[in-house]
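The values are calculated or read from the model by the stated rules, or taken from the named source; none is laboratory data. Just so you know, these numbers come straight off a predicted model, no measurement behind them. Note: ideal-geometry Cβ built from the backbone for every residue, glycine included; neighbour counts use all protein chains shown. Surface areas here come from the heavy atoms of the whole protein model, side chains and all, with no ligands, DNA or RNA. Shrake-Rupley method; radii C 1.70, N 1.55, O 1.52, S 1.80 Å.
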Amino acid sequence: MTIKGKAYIAGIYEHPTRKAEDKSLAQLHAEVARGALDDAGLTRDDVDGYFCAGDAPGLGGLSMADYMGLKVRHMDTTETGGSSYVIHVAHAAEAIAAGKCTVALITLAGRPRAEGTATGTTSRNYGAASPDVPFEFPFGPTVVNQYAMAAMRHIYQYGTTSAQLAWIKVAASHHAQHNSHALLRDVVTVDDVVNSPMISDPLHRLDCCVITDGGGALVVVKPEVARSLRRPRVRVIGAGEAPKHQMGGKIDLTYSGAVWSGPAAFSEAGVKPADIKYVSIYDSFTITVLITLEDLGFCEKGHGGKFVSDGNLISGVGTLPFNTDGGGLCNNHPGNRGGLTKVVEAVRQLRGEAHPRVQVRNCDVALAHGTGGSLATRHGSATLIMDRG
Amino acid sequence: MAPAEPALEKENKPVSGFERKVPAPPVTPETQPFWSAAAEGRLLIKWCRSCDQAHYYPRSICPFCFGDTTEWREASGRGTIYSYSIMRRVPVPYAIAYVTLEEGVTMMTNIVDCDLDAIRIGQQVQVVFRPTEGGPPVPMFAPA
Ligand SMILES: [Zn+2]
């Protein structure tokens, strides 16, 4: 069985807030749900499938179904960190194809800024029952220094430079200047990035994504429902998901799980990297984008630095426009989970509803990719390919 | 007073004048021997007798062949830095690293007893054990 053509993304919503001191977490989930259902032209009562991940409060899907008054016949709370929502789209398509639901709602929300979380520079303790904790937590693993070790190895092995990594942030900033909701709207240069304070070598402050509150939602529906709605149609045509971990100590930081999720998605969709007109690539850090682009086959392994340089990711300038909303690096990384907004901007591009200054011409096939967890220890990769239905 | 200070610094406070407090590793029945050996200054790794190779972090069930005949073996403690990063935006900067042991497995650790800015990938290192806050010591590495 394939999910190709079995489901459409009918509704999208990105919460405009970037700091939500005056809102509860459950409230944010419900607000984005309303937003995406409005966008689709559907109502809460049409929802018969619900998807959420570890950011949902309390008992997760149960607590949110309770708060929102959902009466659903299918639920999925797959948790792979920030990539969860990319996987949820694929799982929603599978559930729809199997007749388990017809209108699937996916929500994400978080408020790390309001809560004052030191997201990147403190070690997260997953508890004594997590088998890796005794062998990692004492050494101070943080989000930043984990990704930094992947960057350091890439630099060592392939001659990648900090200036090349900086081009990824530069491209994101060129896009963010047109997004009135973006947290950071100033265009930056390569010099700005490499001269920003070093957080954890070789990653500078401007190699890191923003920390924002907010969230987003998606509505995935069966083809008959999509055809009944008055919105441009975006069809799910392929997906892949894969965990990558330490492989029993045979650690190789130069690639991500995208080497598995990418080919699975391309194969199911029946397209090649050269067919993709726009990509949303998870950008927790600049290095995340560079390694992912290589792994998805947009360039050869080790050539990512050259590929992203000189504005190649800037819409209207380069060959592969990426993250035209400004991405996690400049726009939004709600709840420290950027997968959902990756799908949102890809759908905007396919609908022709991106900002006119960044809209890709004839954008008929787009890809969204998530990398959740930590690139250097264990992460979940998720690739989703969509076209105009 | 004055002459004693350099000696103290040399012995306890190699770089920044004070050291990062190291959280205690939670000890489980499955990995108790690892931590008992660490307290004696010995680095143990798990070896699978079915597929004849080491893995890390240690498990009862081999992650390669899924066999249950794993045993503890003492590692040489010698290794090479696979990658590292200096965490700077914290009160006490420190070096996190992956070190590949002679036995072939790569483990997360800290690089200590050296100038953090002189750390390089490919550098030869040797295990040293460092105290934790209320738990067994943990294996870190210093330039060989
Ligand atoms: Zn084995």
Compactness ratio of the stretch A:279-389: Cα Rg over 2.2 N^0.38 Å, N = residue count? 1.00
Need one number: convex hull volume per residue for the stretch A:178-311, Cα atoms only, in Å³. 184
With the charge dipole of the protein assembly as shown built from beta-carbon charges (+1 for Lys and Arg, -1 for Asp and Glu) about the Cα centre, the Cα from A:HIS29, A:GLY215, A:VAL236 projecting farthest to the positive end belongs to A:VAL236
What lysines sit close enough to B:LYS21 to cross-link, taking a C-alpha to C-alpha distance under 21 Å and skipping anything fewer than 8 places away on the same chain? B:LYS10, B:LYS13
Are there residues in the stretch A:142-164 whose accessible area shrinks by at least 50 Å² when all protein chains are included rather than the chain by itself, and which are they (probe 1.4 Å, ligands and nucleic acids not counted)? A:MET149, A:MET152, A:ARG153
If a/c stays under 1.5 just call it rounded; otherwise compare a/b with b/c (prolate if a/b is bigger, oblate if not). Do that for the stretch A:60-168, with a ≥ b ≥ c from the square roots of the Cα gyration tensor eigenvalues. prolate
The stretch B:32-143: antiparallel bridges as % of DSSP beta bridges, rounded to 5, reads 95
Using only alpha carbons, build the gyration tensor for the stretch A:141-238 and give me the equivalent ellipsoid semi-axes, biggest first, whole Å. 35, 18, 14
Please give the total accessible area that chains B and A bury against each other, computed with a 1.4 Å probe and expressed in Å² to the nearest 100. 3300
Using the heavy atoms of the protein chains and a 1.4 angstrom probe, tell me the accessible area per residue for chain A in square angstrom. 34
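In whole percent, what relative contact order does chain B give with Cα contacts below 8 Å and a gap of six or more residues?
Details: 280 pairs, mean separation 34.0, N = 144.
The value is 24 percent.
Trypsin sites (Lys or Arg not before Pro), restricted to the stretch A:111-155: which are DSSP loop and have at most 16 other Cβ atoms within 10 Å?
Of the trypsin sites (Lys or Arg not before Pro), the ones in loops of the stretch A:111-155 whose Cβ has at most 16 other Cβ atoms within 10 Å are A:ARG124.
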List nothing, just return the count: lysine pairs in the stretch A:272-385, 8 or more apart or interchain, with Cα separation under 20 Å. 4
Which values of log₁₀ I(q)/I(0), to two decimal places, follow from the Debye formula for the stretch B:32-143 at q = 0.13, 0.14, 0.16 Å⁻¹ with a uniform point scatterer at every Cα? -0.52, -0.59, -0.75
Test item: B:59-66 mean partner chain Cβ contacts at 10 Å: 2
Cα gyration tensor of the protein assembly as shown - equivalent ellipsoid semi-axes, whole Å, descending: 41, 25, 22
Springs between alpha-carbon atoms under 10 Å, Gaussian network over chain A: tell me which of A:CYS52, A:CYS330, A:CYS363 tops the mean-square fluctuations. A:CYS363
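If the chain between A:HIS245 and A:ARG205 were fully stretched, how many nm would it gain, using 0.36 nm times the residue separation less the Cα-Cα distance?
Full extension from A:HIS245 to A:ARG205 adds 11.8 nm.
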Relative packing of A:354-362, A:250-258, A:334-342, B:105-113, which averages over residues the other C-beta atoms within 10 Å, highest first: A:334-342, B:105-113, A:250-258, A:354-362
What net charge do the residues around B:ALA54 carry, taking every other residue with its C-beta under 13 Å from that of B:ALA54, with Lys and Arg at +1 and Asp and Glu at -1? 0
Residues in the stretch B:81-96 that, when all protein chains are in place, have 10 Å² or more less accessible area than the chain alone would give (probe 1.4 Å): B:TYR82, B:SER83, B:TYR84, B:SER85, B:ILE86, B:MET87, B:ARG88, B:ARG89, B:VAL90, B:TYR94, B:ILE96
How would you order A:88-96, A:294-302 from highest to lowest mean count of nearby Cβ atoms within 10 Å? A:88-96, A:294-302
Calculate what fraction, in whole %, of the accessible area of the protein assembly as shown sits on carbon and sulfur atoms when a 1.4 Å probe is rolled over the protein chains. 51
Within straight cross-link reach of A:LYS169, meaning Cα distance under 20 Å, which aspartates and glutamates are found once same-chain residues fewer than 8 apart are removed? A:ASP186, A:ASP191, A:ASP192, A:ASP201, A:ASP207, A:ASP283, A:GLU294, A:ASP295, A:ASP310, A:ASP325, A:GLU345
Near A:LYS100, which lysines are there with a Cα under 25 Å away, not counting those fewer than 8 places off in the same chain? A:LYS4, A:LYS6, A:LYS71, A:LYS222
Among residues of the stretch B:106-135, a drop of 40 Å² or more in 1.4 Å probe accessible area, assembly relative to the chain on its own, occurs for B:THR106, B:MET108, B:ILE121
How many Å² of accessible area per residue for the stretch B:32-143, probe 1.4 Å? 40
Given the whole protein assembly as supplied and a 1.4 Å probe, what does the accessible area of A:PHE285 come to in Å², nearest 10? 10
At a probe size of 1.4 Å, how large is the accessible area of B:ASP117, to the nearest 10 Å²? 90
Computed lengthening from A:ASP192 to A:ASP46, 0.36 nm per intervening residue step minus Cα-Cα distance: 47.7 nm
Once label points are set 7 Å from the Cα along Cα→Cβ at both B:SER60 and B:ASP115, what is their separation, rounded to one decimal in nm? 4.9
Would you tell me the mean number of C-beta atoms belonging to other protein chains that fall within 10 Å of each C-beta in B:19-29, as a whole number? 4
Ignoring ligands and nucleic acids, A:THR122 exposes an accessible area, probe 1.4 Å, in Å² to the nearest 10, of 70
